[in-house]
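The structure appears right after this line, and notes come after that.
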């Protein structure tokens, strides 16, 4: 019996193909990664110096961290295009640690934090770290940015930053009075260049703005001979290498510092890795491996006197934008920093401290994203955002984050665990009690108050639409129902949610979700009404009970919700899309597109036909009204599987001669161009459909969609707008059995993908 041998890439012997692959890899590095590394190097150099100064650490510690982050994290990390180094997000923490323990102990804290990060990665908790609310993270970064800006304003004015944000605010007026105007002007020059850099021509903008600003400010200071404070290095890069040391006491604060650095560095690195994945289409990040790489980098950086390291979004985005293809770029950028720092580090002593202060102020302000504030306001998380920001600024980073997380958890519990309960009179001695959401013991006060507000003896409809209910809530409802019926009243329970009341008695409560909202009528009558049906419909001489019940539910449940929107639409009909589809009852255009009133102008006919030559006045009137009056931006032709019209055209309907067949035949004559194009299954679309196991009827249905799309694109009212890109014509096919919507192109039938949907949306919006 033969044995199979697995040969890994590293073990595979060299072959001609392997040699060609190696040459290709080298060419890729030279073409993409080498230029990208130079761009990242120019971005990282001034930022590393500035972050070191803001952290009250030795200036060259920033360069050490940048070198180690690039080489170690770049080689070992799980995010190939992420660039690591000293980050603004840790400046406040590091400055506090340096003030409390000194630099050598802070380095040991960095080593221990790195070991803890490695443990996180080995334990595979990378994804668990992402459970922190993004709003808390955004607020944390904003708080750090505000703190940095408050600190560096004092440096910009010629002073030194205070120990706390509150002191920085209180002492600011006096600092303004005694400001060093010469240094302030140099810092303002840096701020002005960085703010204006976004408007310079694109070829010039390829040079990093921070580098231009720092070089320009330093040149002005040198040429003008300005007597202003400058960076002090206190030796070469080799002299800056320092060994960590143990603390002499305060072990509780030491452990807290290790945990804080490890957690913040991990979260910031993981979030940056996720952001980098969204920027590029290459391999996705391995978050657990990234934690191991970040931890190893921090161990090495702390061991030789460098700052703590995280993934840095500014450098990473610059790396992706510059066209990097592999981790070679981040490693090479560290090499360039090392090459610069060894012989030319002394040049940094010509940089005015006010210039770096201006750079850090801009960085700090940029951490406050107004889009995040607007998102927090819109989503109801503004309280979480503000509490976290204020906590980070005026307490400390860890306490601010913990406060934000606690409030976020509390809000989530309140939103998820609460139930919406209300009672209203619907007629003489008739009441409606509605229970929506998650009904648990937390809802008992509201539930009891609402139920007892119903007068004794009333006829009550209790509509329960819950996704969770526990025994306490069920017991309260049942107890009230028995009491109410004992007073002569009646209670009709309608369960229209995902969870039924009796589920609270059958086992531990659990959450469930309905695939459709039965209250809104988006489910067939037969799925939620307990009346005898045949083929889904009643057959009685009396008015159809199912439809009348549906109307009653609409007026009671849906109408109040859509009434404000309908009032806006009452005077001005509107639509974005003309939707042409079959009259088949199984096709619900609004359900397929998740749309509502005012979104689509719908044209339905047998076989979703657009007669060529403008032969049908009804269809032509609809097209003219949609294009000229409503000014729709897209026209959709949607066919479907199992179409009776297509079966009729192929002679597979099995229908007998009935009255009115001549009218059906006359209408289906408009589909003859589709039958001719079908050509017994030889059309490319038919062949593509056959490859997906669709039968001839469905194949013809897809060909028919393509023919109608082509007819529309040649239509006098459509062609000009379509050619100008102002009107998009799209072909769809709804496969009923799988509930899939397929995209019918000119020669193929494909699944919809998110990227394709976005592309079509952009084209439709023009």
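The values are calculated or read from the model by the stated rules, or taken from the named source; none is laboratory data. Keep in mind the model is a prediction, meaning the values are calculated, not measured. With ideal geometry, Cβ positions are generated from the backbone for all residues, glycine too; neighbour counts draw on all protein chains shown.
Things to note:
- Cβ separations smaller than 6 Å between residues 6+ apart or across chains give the following pairs from segment 370-383 residues that are over 18 Å from residue 145 (Cβ atoms) to residues that are part of a helix (DSSP H, G or I): 381/135.
- The set of residues in segment 165-186 being without any contact (Cβ under 8 Å) to a residue 60 or more places away in the chain, closer than 21 Å to residue 97 by Cα and surrounded by fewer than 17 Cβ atoms within 10 Å (Cβ to Cβ) consists of 167 alone.
- The residues of segment 427-440 that are surrounded by 15 or more Cβ atoms within 10 Å (Cβ to Cβ) and in a strand (DSSP E or B), listed by number, are 431, 432, 433, 434, 435, 436, 437, 438, 439.
- Looking only at residues of segment 402-426 that are free of Cβ contacts under 8 Å to residues at least 60 places away in the same chain and assigned to a strand (DSSP E or B), we find that the one that is farthest from residue 380 (Cα to Cα) is 425.
- Within the option set 457, 437, 400, being over 17 Å from residue 136 (Cβ atoms) and at pLDDT below 85 holds for one residue only, 437.
- Residue pairs whose Cβ atoms lie under 7 Å apart, separated by 6 or more positions or on different chains, with the first residue in segment 47-59 and at positive phi and in contact (Cβ under 8 Å) with a residue 40 or more places away in the chain and the second surrounded by fewer than 24 Cβ atoms within 10 Å (Cβ to Cβ) and part of a helix (DSSP H, G or I), are 56/95; 56/98; 56/99.
- Scanning segment 408-419 for residues that are closer than 15 Å to residue 446 by Cβ and exposed (fewer than 14 other Cβ atoms within 10 Å of the Cβ) gives 414, 415.
- Selection count where residues are within 15 Å of residue 243 (Cα to Cα) and surrounded by fewer than 24 Cβ atoms within 10 Å (Cβ to Cβ), scope segment 288-304: 4
- The single condition among (1) at pLDDT below 95; (2) surrounded by 20 or more Cβ atoms within 10 Å (Cβ to Cβ); (3) not in a helix (DSSP H, G or I) that residue 737 does not satisfy is (2).
- Odd one out for residue 590, checked against (1) in contact (Cβ under 8 Å) with a residue 12 or more places away in the chain; (2) under 37 Å from the mean Cα position of the chain (by Cα); (3) in the same structural domain as residue 744 (by TED's automatic domain parsing): (1)
- Residue check, residue 331 surrounded by 24 or more Cβ atoms within 10 Å (Cβ to Cβ), over 15 Å from residue 213 (Cα atoms), assigned by TED's automatic domain parsing to the domain that holds residue 38 and at pLDDT 80 or above: no
- Among residues of segment 551-566 that are closer than 21 Å to residue 435 by Cβ, those with a beta-carbon under 7 Å from a residue that is at pLDDT 75 or above at least six positions away or on a different chain give the pairs 556/432.
- Within segment 81-115, if we keep just the residues that are crowded, with 24+ Cβ neighbours inside 10 Å and assigned to a loop (DSSP other than H, G, I, E, B), the residue that is modelled with the lowest pLDDT turns out to be 87.
- Going through (1) surrounded by fewer than 17 Cβ atoms within 10 Å (Cβ to Cβ); (2) at pLDDT 90 or above; (3) not in a helix (DSSP H, G or I) one by one, residue 639 falls short only on (1).
- Selection status of residue 509, within 34 Å of the chain's Cα centre (by Cα) and in a loop (DSSP other than H, G, I, E, B): yes
Residue-by-condition table, conditions (1) modelled with pLDDT of 90 or more; (2) assigned by TED's automatic domain parsing to the domain that holds residue 47:
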position	(1), (2)
335	yes, yes
342	no, yes
351	no, yes
356	no, yes
377	no, no
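- Selection of segment 380-397 for residues being within 12 Å of residue 136 (Cβ to Cβ) and crowded, with 20+ Cβ neighbours inside 10 Å yields 381, 384, 385, 388, 389, 391, 392, 397.
- Residue 287 meets the stated requirement of being in contact (Cβ under 8 Å) with a residue 24 or more places away in the chain and within 21 Å of the chain's Cα centre (by Cα).
- Residue that is surrounded by fewer than 13 Cβ atoms within 10 Å (Cβ to Cβ) and touching a residue at least 24 places away in the same chain (Cβ under 8 Å), where the choices are 461, 487: 487
- Of the residues making up segment 612-651, those that are touching a residue at least 12 places away in the same chain (Cβ under 8 Å), over 28 Å from residue 695 (Cβ atoms) and within 33 Å of the chain's Cα centre (by Cα) number 4.
- Selected residue [under 41 Å from the mean Cα position of the chain (by Cα), at pLDDT 85 or above and surrounded by fewer than 13 Cβ atoms within 10 Å (Cβ to Cβ)] from 252, 257: 252
- Here residue 449 fulfils each of the conditions (1) at pLDDT below 90; (2) in the same structural domain as residue 484 (by TED's automatic domain parsing); (3) surrounded by fewer than 20 Cβ atoms within 10 Å (Cβ to Cβ); (4) on the phi < 0 side of the Ramachandran plot apart from (1).
- Exactly one residue among 296, 275, 318, 322 is touching a residue at least 60 places away in the same chain (Cβ under 8 Å) and either under 28 Å from residue 125 (Cβ atoms) or more than 26 Å from the chain's Cα centre (by Cα) (or both), and that residue is 296.
- Checking each residue in segment 569-612 for being over 30 Å from residue 647 (Cβ atoms) and either modelled with pLDDT of 85 or more or in contact with a strand residue (DSSP E or B) (Cβ under 7 Å, 6 or more places away or on another chain) (or both) picks out 575, 576, 597, 598, 599.
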